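The values are calculated or read from the model by the stated rules, or taken from the named source; none is laboratory data. As the structure is a prediction and not an experimental result, all values here were calculated from the model. Backbone-built Cβ (ideal geometry, glycine too); neighbour counts: all protein chains shown. All accessible areas refer to the heavy atoms of the entire protein, side chains included, with ligands and DNA or RNA removed. Shrake-Rupley method; radii C 1.70, N 1.55, O 1.52, S 1.80 Å.
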Amino acid sequence: MKKNLSKIVLFAMLLLPFMACAQTFEGKGATSPEEAVSQYLSALKKCDYDKIISCYAVESFTENYEINEQVKKFNCATPVMKMIYTKDNLLKQTGKFEVLSAIARMIKFQIWTLNENNFFEDGNVIMVKDSVQEVVDQAFPTEAEKTLSLIEFSNEFIPLDLFLKSMRSGDFSSSVFCYMDSEEIDGRLEELNQKYEKTKIIYGCKDIKPVIACFYISGKKYYYITDTIQYGNKWYISPEHGYLASLITLSIPSGCIFSADKL
């Protein structure tokens, strides 16, 4: 009996890594890009990390990724590229956790941004002088969950053209759109659409759509800019830093979120 029990325990121990790899992280998805973003902001508000992760395309992204198309696009392979090789199960799983790592980093940046802590954005190095705790308090948000719980979102989405016009009329000085006329903006948007078409082939997805959502924390207005990605009939948040965010020079350490007072 003890011998059989030992075999069962050993088998279970050997099976654990495979069970971990078989874990599904993404949820059931949304019926539209806007619903995907709405679900995401709701998960942020609840500080439900599993739910936050489930709003992203994880398994769908990993299982449909076309590494050949990525190499074709850049005409090379580099150590820093996404290492998602779907023809090998082990490499597909390492690619999956690489995607999860990128998602976790994005969420981290969003938490810091919404707590108005510019540690990542400014690239600061805070040296210890008198108090270690003082340095930690400067580097880390002290009331992160409380801040996120104050998110107020009522499905307010901004059309892309109106958003870009508001940027041009404002003073968001880091954006290239501030210095462009309408014809130049149209050219940039055409360039954006072309990038999406090429990227759809790499991601192995049906469609990609940018979404601009407006929400509030304690009366302060924020914009969340992201790419949503469609697999089958379901929409998810893209695990990649959005093309629209990149085009308006919204940095990765911002978490694709910025306050309206920057406009």
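Within the range 225-263, restricting attention to residues that are more than 19 Å from Arg105 (Cα to Cα) and of a type in the set (Ser, Thr, Tyr), the residue that is surrounded by the fewest Cβ atoms within 10 Å (Cβ to Cβ) is Ser259. Under the condition of being part of a helix (DSSP H, G or I) and open to solvent by 40 Å² or more (accessible area, probe 1.4 Å), the residues counted in the range 201-215 number 1. Considering only residues in the range 219-253 that are among the charged types (D, E, K, R) and under 14 Å from the mean Cα position of the chain (by Cα), the one that is modelled with the lowest pLDDT turns out to be Glu240.
Taking the criterion of being in a helix (DSSP H, G or I), open to solvent by 50 Å² or more (accessible area, probe 1.4 Å) and within 23 Å of Asp48 (Cα to Cα), the residues of the range 121-155 that qualify are Glu145, Lys146. The set of residues in the range 60-77 being surrounded by fewer than 20 Cβ atoms within 10 Å (Cβ to Cβ) and among the aromatic types (Phe, Trp, Tyr) consists of Phe74 alone.
Considering only residues in the range 35-59 that are basic (Lys, Arg) and in contact (Cβ under 8 Å) with a residue 40 or more places away in the chain, the one that is surrounded by the most Cβ atoms within 10 Å (Cβ to Cβ) turns out to be Lys45. Might you check whether a residue that is at pLDDT below 75, β-branched (Val, Ile, Thr) and farther than 20 Å from Thr113 by Cα occurs anywhere in the range 198-218? Within the range 198-218 (the criterion being at pLDDT below 75, β-branched (Val, Ile, Thr) and farther than 20 Å from Thr113 by Cα), the answer is no, since none of the residues qualifies.
Of all the residues in the range 78-108, those that are among the hydroxyl-bearing types (Ser, Thr, Tyr) and loosely packed, with under 13 Cβ neighbours inside 10 Å number 2.
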